[in-house]
Amino acid sequence: MLEDKNNNSSITAVVQATDAEHHLHPFTNTGALNKKGARVICKGEGVYLWDSEGQKILDGMAGLWCVNMGYGRKELVDVATKQMNELAYYNTFFQTTHTPAAELAKEIASVTPGDLNHIFFANSGSEAIDTIIRMVRQYWAIKGKPYRNILISRENAYHGSTVGGTSLGGMSGMHKQGAPLVPNIERIRQPYWYGEAGDMSEEEFGIACAKALEEKILEVGPDNVAAFVGEPIQGAGGVIVPPANYWSEIQKICQKYDILLAADEVICGFGRTGSWFGSDTLAIKPDIISMAKGLSSGYLPIAAVAVGDRIASALIEHDDDFNHGFTYSGHPVAAAVAIENIRLMKEENIVEYVGNDIGPYFQQKLRETLSEHPLVGHIEGVGLVAGIALVKDKETKELFPSDLDIGMICRDHCFNNGLIMRAVGSRMVLSPPLVISHAEVDELIEKARICFDLTLESVS
Ligand SMILES: *Cc1c(COP(=O)(O)O)cnc(C)c1O
């Protein structure tokens, strides 16, 4: 029993001690965390969380970019309860299906762009990415070109942390651990204009970054490349919005060499950028996309790969099994929650709200309030996702020394002042629930301003 209803402090201490004794945390220095104790999160409602000390926190990250419809949605709880009572689990391997899996596939197809009308289910973004890796390679094998098995992705991309996701991603800190990686993956530079373009205009830089794809294709041989994979807007890499011409150039190059284009929509999907998918916002026409985070608003783990006609018809017409899948592919309870989540999004016009109302308001207010701040080098973002570059010198874009860890200093000030904002190196990122109100955006940005002041004081 970890609960002691009369004494919050002792709840905190008891949970922290138990956690320290037995829980290994993801992406965490667990030894260091154990010494200081993890914050214990107890309750969520709307855009707010409460910790075991009773502190109310505005969640500027929607959990981990996923609680799009906000915390405490009873509709999602109720469908989960109903589905658990009716059929808590059955698989989709044994030539069997069930209503939630079939219905959810149809619902997803109703919101995906273009001809992405066939759905493969997984339980996490990483599994969806592993599915894409195996599926595009299998596609080319079916087409009699098994040698077309190289995937090209980008530096500082995040595609999850399974062996496949780690290998496809471009996070150097991850590549160092648990090697060797999956072979036949190549990477090109990221389209990070503010940080890496030197004197180039956005347009010139967009062309240069796309050209890097063509150069890589020619280097490894066009006939060896299966697919290019990218996040429409890089998320965990620090929220990096590519130059406006970047994706159309990438698309042209993929077409020229007959290379499949995969969009990792795990963050951008389900309204985050003001359209159902980032591919809609950025005018990308992918052959295949992965989705996860916003699909169930994080209420249960579920992910999917939406497959366009080209790949789907090859798989369907090929008279053999696709030997891939997960025990919980299309889990009925998770699927029922995702169906209800999509229904709620449609009923409440959330995508339009992000695209035409709260997204533009958030982006404008962020710039109005923070652009002039001495720590802020650059703000970029679309809809309800944004990245803020913290710099030592606004003019020269000089960064703080990395051992100072300016992002962590800022993140701690935020946490201590009732706001969750994530640090990615020296970039601060925001991705609040899509249901956030205007008043809550005002509160979020005012809190951020105060915490940037505190951060400046800490380093002055
Ligand atoms: C989070 C994320 C993943 C991995 O998803 P998990 O559910 O954590 O496995 C993959 N791709 C992108 C773009 C992500 O943001």
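The values are calculated or read from the model by the stated rules, or taken from the named source; none is laboratory data. Please read all numbers here as calculations on a predicted model, not as lab measurements. Every residue, glycine as well, gets a Cβ built from its backbone with ideal geometry; the counts of neighbours run over all protein chains shown. Note: accessible area is taken over every heavy atom of the protein model, side chains too, but ligands, DNA and RNA are not part of it. Shrake-Rupley method; radii C 1.70, N 1.55, O 1.52, S 1.80 Å.
Here LYS394 is the anchor, and the lysines within straight C-alpha reach of less than 24 Å, apart from those fewer than 8 places off in the same chain, are LYS365, LYS447. For region 252-307, the relative contact order comes to 32 percent (Cα pairs under 8 Å, sequence separation of at least 6).
Here the accessible area of region 75-347 is 52 percent carbon and sulfur, with a 1.4 angstrom probe and all protein chains present.
When the solvent-accessible surface of protein heavy atoms is calculated with a 1.4 angstrom probe, in what order do SER126, SER460 fall, highest first?
SER460, SER126
Rolling a 1.4 Å probe across the protein heavy atoms gives the chain an accessible surface of 44 Å² per residue.
For the chain, relative contact order (Cα pairs under 8 Å, six or more residues apart, normalised by length) works out to 20 percent.
Where Rh denotes the Kirkwood radius from the mean inverse Cα pair distance, what is Rg over Rh for region 75-347? Display every interim value, and only then the final one.
Working: Rg = 18.5 Å, Rh = 19.0 Å.
In region 75-347, Rg relative to Rh is 0.97.
Spacing of the modelled spin labels on GLU372 and ASP309, each 7 Å from Cα toward Cβ, amounts to 5.5 nm. Taking every alpha-carbon pair under 8 Å whose residues sit at least 6 apart, region 218-354 reaches a relative contact order of 21 percent.
Less than 5 angstrom separates the built amide H of LEU419 from those of LEU58, all sequence-distant by 5 or more or on a different chain. Accessible surface of SER371, taken over heavy atoms with a 1.4 Å probe and every protein chain present, rounds to 40 Å².
Distant-in-sequence amide contacts of GLN234, defined by a placed amide H-H separation under 5 Å and a gap of 5 or more residues or a different chain, comprise ILE240. The protection proxy used here, the mean number of other Cβ atoms lying within 10 Å of each residue, ranks peptides 23-29, 78-84, 391-397, 418-424 as follows, highest first: 418-424, 78-84, 391-397, 23-29. Between THR96 and LYS256, the contour length at 0.36 nm per residue exceeds the Cα-Cα span by 53.6 nm. Peptides 153-160, 405-412 ordered by packing proxy, namely the average of other Cβ atoms within 10 Å per residue, highest first: 153-160, 405-412.
For GLN190, the residues whose amide H sits under 5 Å from its own are GLU155, ignoring neighbours fewer than 5 places away on the same chain, with H placed 1.01 Å from N.
Contour minus end-to-end for GLU103 and ILE450, with contour as 0.36 nm per residue of separation and end-to-end as the Cα-Cα distance?
120.3 nm
What FRET efficiency do you get for GLU86 and HIS324 if R0 is 41 Å and r is their Cβ-Cβ distance, rounded to the nearest 0.05? Once the sixth-power term is evaluated, E becomes 0.90. Of all beta bridges that DSSP places with both ends in the chain, some 65 percent have antiparallel geometry.
Taking 16 Å as the cut-off, the amide N atoms of region 408-442 that come nearer than this to a point 7 Å along the Cα-to-beta-carbon line of GLN177 belong to 425.
Partners of LYS397 within straight-line reach, counting aspartates and glutamates whose Cα lies under 13 Å from its Cα and excluding those fewer than 8 residues away in the same chain: GLU196, ASP199.
The gain in end-to-end length when the LYS365 to LYS56 segment is fully stretched comes to 109.0 nm, 0.36 nm per residue minus the alpha carbon separation. Highest mean first, the peptides 290-296, 68-74, 201-207 sorted by other C-beta atoms within 10 Å per residue fall in the order 290-296, 68-74, 201-207. Residue by residue, region 22-32 carries 3J(HN,Hα) couplings of 10, 9, 8, 8, x, 6, 9, 7, 5, x, 5 Hz when phi is fed to the Karplus relation 6.51 cos²θ - 1.76 cosθ + 1.60 (θ = phi - 60°); x denotes Gly or Pro. In terms of its C-alpha gyration tensor, the chain has an oblate overall shape, because the principal axis ratio a/c (a ≥ b ≥ c, square roots of the eigenvalues) is not below 1.5 and a/b does not outweigh b/c.
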